[in-house]
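Chemist: Once you've had a glance at the structure underneath, I'll fire off some questions.
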Amino acid sequence: MIHFEIVTPEKVAYQDKIDALTVDTKDGEITILPRHTPLVSVLRPGEMRLKKGDEEIFMAVSGGFVEVQEDSKVIIIADAVERA
């Protein structure tokens with residue numbers, strides 16, 4: 001499981017344990033799975049997809065940064081995020 005968190009200037013917009021995350025970075029679309037290699041990348045504005053069991057959650061993000069840490073923790077820092 002991935003410990004996932006989206007942070008905006010106002011609040012923690014979303015926090016949960018998920019199975020996978022697909023985001024659009026400046027270098028292209030990536031899917032992050034548990035035990036992914038640590039990285040930091042710039043996010044492009046657009047859609048991101050979270051997979052939790054059989055459920056897929058779609059969110060719009062205004063851009064920002066994604067950080068993948070060694071312990072399967074993923075943090076997204078964005079100006080704004082909206083759940084579809």
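Chemist: Tell me, what ³J(HN,Hα) does each residue in segment 26-43 have, in order and in whole Hz, if you take phi through Karplus 6.51 cos²θ - 1.76 cosθ + 1.60 with θ = phi - 60° and put x for Gly and Pro?
Modeler: 5, 9, x, 6, 10, 10, 9, 10, x, 6, 5, 4, x, 7, 10, 8, 7, 8
Chemist: Mind listing the phi-derived Karplus ³J(HN,Hα) values for segment 68-81, rounded to whole Hz, using 6.51, -1.76 and 1.60 with θ = phi - 60°, and x for any glycine or proline?
Modeler: Result, ordered by residue: 10, 9, 4, 8, 6, 10, 10, 10, 10, 10, 9, 5, 8, 8 Hz.
Chemist: In whole Hz and in residue order, list the ³J(HN,Hα) couplings for segment 45-62 that follow from phi through the Karplus curve 6.51 cos²θ - 1.76 cosθ + 1.60, θ = phi - 60°; x for Gly and Pro.
Modeler: Going residue by residue, I get x, x, 9, 10, 10, 10, 10, 9, x, 8, 8, 10, 10, 10, 9, 9, 10, 7 Hz, with x marking Gly and Pro.
Chemist: Something else now. Taking only protein heavy atoms into account and a 1.4 Å probe, give the accessible area per residue of the chain in Å².
Modeler: Computed with neighbouring chains in place, this is 59 Å² per residue.
Chemist: Let me ask something else. Roughly to the nearest percent, how much of the accessible area of the chain is carbon and sulfur, given a 1.4 Å probe?
Modeler: 49
Chemist: Would you mind classifying the chain by shape? Square roots of the alpha carbon gyration tensor eigenvalues, ordered a ≥ b ≥ c; an a/c under 1.5 is rounded, otherwise it is prolate if a/b is larger than b/c and oblate if not.
Modeler: Rounded, because the longest to shortest axis ratio a/c is under 1.5.
The values are calculated or read from the model by the stated rules, or taken from the named source; none is laboratory data. None of these values were measured; they are calculated from a predicted model. The protein model used for the area step is the full one, side chains on, heavy atoms only, and it has no ligands, DNA or RNA in it. Shrake-Rupley method; radii C 1.70, N 1.55, O 1.52, S 1.80 Å.
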